[in-house]
Amino acid sequence: MKITVVGTGYVGLVSGTCFADSGNDVICVDIDNGKVDKMRAGEVPIYEPGLNRVFDRSIREKRLTFTTNLEDAFKDAEVIFLCLPTPPGADGQADLSFVLGVADELGDLFEKYGEYKVVVNKSTVPVGTADKVREKIASKTDVEFDVVSNPEFLREGAAVEDFMKPERVVIGTRSERAAEIMNTLYEPFVRSGNPIIVMDERSSELTKYAANSMLATKITFMNEIANVCEKVGANVDNVRRGIGTDSRIGKRFLFAGIGYGGSCFPKDVQAIHHTSAGYGYDFKILGSVMKVNESQKTSIIPKMNDHFEGDLSGKTVGIWGLSFKPETDDVREAPALYIADALADKGVKMKVYDPEAMETFRVAASEKALKNIEFMEDRDSVLEDIDALIICTEWNEFRRPSLENFAKLMKNPIIFDGRNLYDLNRAKEAGLTYYSVGRPSVI
Ligand SMILES: NC(=O)c1ccc[n+]([C@@H]2O[C@H](COP(=O)([O-])OP(=O)(O)OC[C@H]3O[C@@H](n4cnc5c(N)ncnc54)[C@H](O)[C@@H]3O)[C@@H](O)[C@H]2O)c1
């Protein structure tokens, strides 16, 4: 099939590359000239495990090309995927200007070329967006076309694997013609029997928000259990094991920490909360999820304050991990950004390291934070001459250092672990002062 992907970020580039790998001809369009130049030169502009290999293969076999010109990409396409940003607007509602802007251009192109095509919305968009895209295009042309909702469930850090073997594919359309085309396109990805679920557009759009807000709620619930554990002297690891074995609850997404971040959960929870309010419904549980997560991101700061008896000014703190989760360079809404700001406000200097996210963090961090930050070459150089270490991301290389190394390299081995990486007994044996989330402190 001939496919066009508009927007080559985490979703667009992974989708385009994987569709090309399954034998389709794919043209990716982006307005970012620099990005398109890089991709034409064979360079993957984001860090995503396994993407390089599939990308190289698709380019070599001439099934994946790049352009900045929407018209060139439109002409021969049978299916056009919109993988455009939908960032939160000022009032929390998803900003649809990227999606509707492209829909407007597509209207003119449909009129000019006069051929049936399917326009697929892969961006996460509020309920009713498929109708808006349809109206936008139809305001420019009478040519026949379909607009389909096809939310994407890939996880950054495992995006290629998730795209190649999705647990389910959701397709929102009431057009049989479009449903058949979408089924044909996705069949190679669900050979092992996972379902392609076809439904109406609105249910499909809401499914994506329901999935992300359910997951954000699960994480937040566990973070609140962790906060209660700290008050009552329980250990959240034990509680997690105790409830995770219940198949109704399940083992995944039960790890306590310093809150969720990333480009999806925060904005999607906010957007569905906002959409519900627009329809006169107060989605109370999501209001609480947002509030709890906000304070959880910087919950390490009061712990540090207590430890240093309110005197953080002039201290130097190390930070391991800047991305919002491991295996990605994405720092959008990462707790490390919030912690860096809070520490800068208190006059704390920071030495930071992340295996992949140093550059993205440098771009995203506030000016006041950057003034207090020194970017370090590697994990261990962070540890020299610091008063305490904060762990923000559970990268593998932070999971298993020799704990004795902390005592050797730090003048006082004090660790505030936002991801519960180490065993409490081992931390004690290694002579660490060790604070984690929802577990007894080792002092
Ligand atoms: N990142 C994820 O893990 C993930 C997962 C599922 C769904 N989503 C959703 O998918 C959508 C895209 O997310 P993303 O993380 O890939 O975004 P992104 O910001 O990484 O990428 C968006 C791309 O679109 C390009 N772009 C902007 N305007 C354009 C235009 N007019 N024409 C062509 N290109 C244009 C940008 O230059 C950028 O390269 C969002 O709605 C997001 O919520 C993201």
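Would you mind telling me the antiparallel percentage of the DSSP bridges in the chain, rounded to 5? Present the calculation step by step, with values, prior to reporting the outcome.
Working: 3 of 46 bridges.
In the chain, approximately 5 percent of DSSP beta bridges are antiparallel ones.
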- Query: Considering the dipole of the chain built from charges on the beta carbon (Lys and Arg +1, Asp and Glu -1) around the Cα centre, which of L82, S97, I319 is farthest to its positive end?
  - Reply: I319
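What does the accessible area per residue of the chain come to in Å², with a 1.4 Å probe and no ligands, DNA or RNA counted? Please report the intermediate quantities before stating the final value.
On the way: 19870 Å² over 443 residues.
Ligands and nucleic acids excluded, the result is 45 Å² per residue.
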- Message: Please report the carbon-and-sulfur percent of the accessible area for segment 287-443; probe 1.4 Å, protein heavy atoms only, DNA, RNA and ligands left out.
- Response: 44
- Message: With the crude spin-label approximation of a point 7 Å out along Cα→Cβ, what separation in nm comes out for E404 versus S288?
- Response: 4.7
- Task: May I ask which residue of S149, V127, A159 lies farthest towards the positive end of the charge dipole of segment 110-176, with charges of +1 (Lys, Arg) and -1 (Asp, Glu) on Cβ and the Cα centre as origin?
- Result: V127
- Message: I'd like the projected area of segment 8-64, averaged over all directions, using the convex hull of its alpha carbons. Report it in nm² with one decimal.
- Response: 3.3
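Order M358, M350 by their accessible area, 1.4 angstrom probe, all chains in place, largest first.
Numbers: M358 30, M350 5 Å².
My answer, sorted largest first, is M358, M350.
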- Query: Stretched out fully, how many nm does the piece from D341 to R40 gain, at 0.36 nm a residue minus the Cα gap?
  - Reply: 104.6 nm
- Query: Among all the aspartates and glutamates, which ones have a C-alpha under 15 Å from K346's C-alpha, if same-chain residues fewer than 8 places away are not counted?
  - Reply: D306, E309, D311, E367, D387
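Rounded to whole Å and sorted largest first, what semi-axes of the equivalent ellipsoid does the C-alpha gyration tensor of segment 255-383 yield via the square root of 5 times each eigenvalue?
Values: eigenvalues 172, 64, 29 Å².
For segment 255-383, the ellipsoid semi-axes come out as 29, 18, 12 Å.
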- Quick calc: nm separation of the 7 Å Cα→Cβ label points for I31 and R191 -> 3.9
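For the chain, what is the relative contact order in percent, using Cα pairs closer than 8 Å and at least 6 residues apart in sequence? Numbers along the way, then the final one.
Values: 871 pairs, mean separation 50.7, N = 443.
Value for the chain: 11 percent.
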- Task: Please work out the Cα center distance from segment 422-443 to segment 216-234, rounded to the nearest Å.
- Result: 18
- Query: aspartates and glutamates near K117 by alpha-carbon distance under 12 Å, same-chain residues fewer than 8 away left out - which ones?
  - Reply: D76, E78, E144, D146
- Query: For segment 308-443, with only Lys/Arg (+1) and Asp/Glu (-1) charged at the beta-carbon, what is the dipole magnitude about the Cα centre, in debye rounded to 20?
  - Reply: 360
- Measure nothing but the geometry: give the 0 to 90° angle between the long axis through the Cα atoms of 265-278 and the longest principal axis through the Cα atoms of the chain, rounded to 10°. 60
- How high is the FRET efficiency between R134 and K231 when r is their beta carbon distance and R₀ equals 51 Å, given to the nearest 0.05? 0.45
- Multiply the residue separation of K251 and K411 by 0.36 nm, subtract the distance between their alpha-carbon atoms, and state the gained length in nm to one decimal. 53.8 nm
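At 1.4 Å probe size, put T173, T245, T65, T360 in order of accessible surface, largest to smallest.
The ordering from most to least exposed comes out as T245, T65, T360, T173.
Computed over the Cα atoms of the chain, what is the convex hull's projected area averaged over all directions, in nm²? Don't skip to the answer; put the middle values down first.
Details: hull surface 89.4 nm².
Mean projected area for the chain: 22.3 nm², to one decimal.
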- Query: Among I249, S175, G114, whose Cα sits farthest toward the positive end of the charge dipole of the chain (+1 at Cβ of Lys/Arg, -1 at Cβ of Asp/Glu, about the Cα centre)?
  - Reply: I249
- Task: Place a label point 7 angstrom from the Cα of R362 along the Cα-to-Cβ direction, then list the residues of segment 375-397 whose backbone nitrogen is under 13 Å away.
- Result: 375-377
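Taking 0.36 nm per residue of sequence separation and subtracting the Cα-Cα distance, how much length would be gained by fully extending the chain between T67 and Y279, in nm to one decimal? Please report the intermediate quantities before stating the final value.
On the way: separation 212, 0.36 × 212 = 76.32 nm, distance 3.99 nm.
72.3 nm is the gain from fully extending T67 to Y279.
Counting only protein heavy atoms and a 1.4 Å probe, tell me what percentage of segment 111-185's accessible area is made up of carbon and sulfur. Numbers along the way, then the final one.
Values: 1400 of 3250 Å².
C and S fraction of accessible area: 43 percent.
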- Between N305 and E115, with labels modelled 7 Å along Cα→Cβ, what's the label distance in nm to one decimal, could you check? 6.3
- Item | Only Lys, Arg (+1) and Asp, Glu (-1) charged, at Cβ; the chain dipole about Cα centre in debye | 1220
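Relative to the Cα centre, what is the charge dipole magnitude of segment 162-210, using +1 at the beta carbon of each Lys and Arg, -1 at the beta carbon of each Asp and Glu, and rounding to the nearest 20 debye? Please report the intermediate quantities before stating the final value.
Values: 7 positive and 8 negative charges, 14 e Å.
The calculation lands at about 60 debye.
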- Note on the structure: Under a 1.4 Å probe, counting only protein heavy atoms, D131 has an accessible area in Å², nearest 10, of 40
- Note on the structure: At the level of C-alpha centres, the distance separating segment 106-184 and segment 1-49, in angstrom, is 17
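The values are calculated or read from the model by the stated rules, or taken from the named source; none is laboratory data. Here the structure is a predicted model, which is why all the values come from computation and not from measurement. Glycine gets a Cβ as well: all are built from the backbone with ideal geometry, and neighbour counts include every protein chain shown. Surface areas here come from the heavy atoms of the whole protein model, side chains and all, with no ligands, DNA or RNA. Shrake-Rupley method; radii C 1.70, N 1.55, O 1.52, S 1.80 Å.
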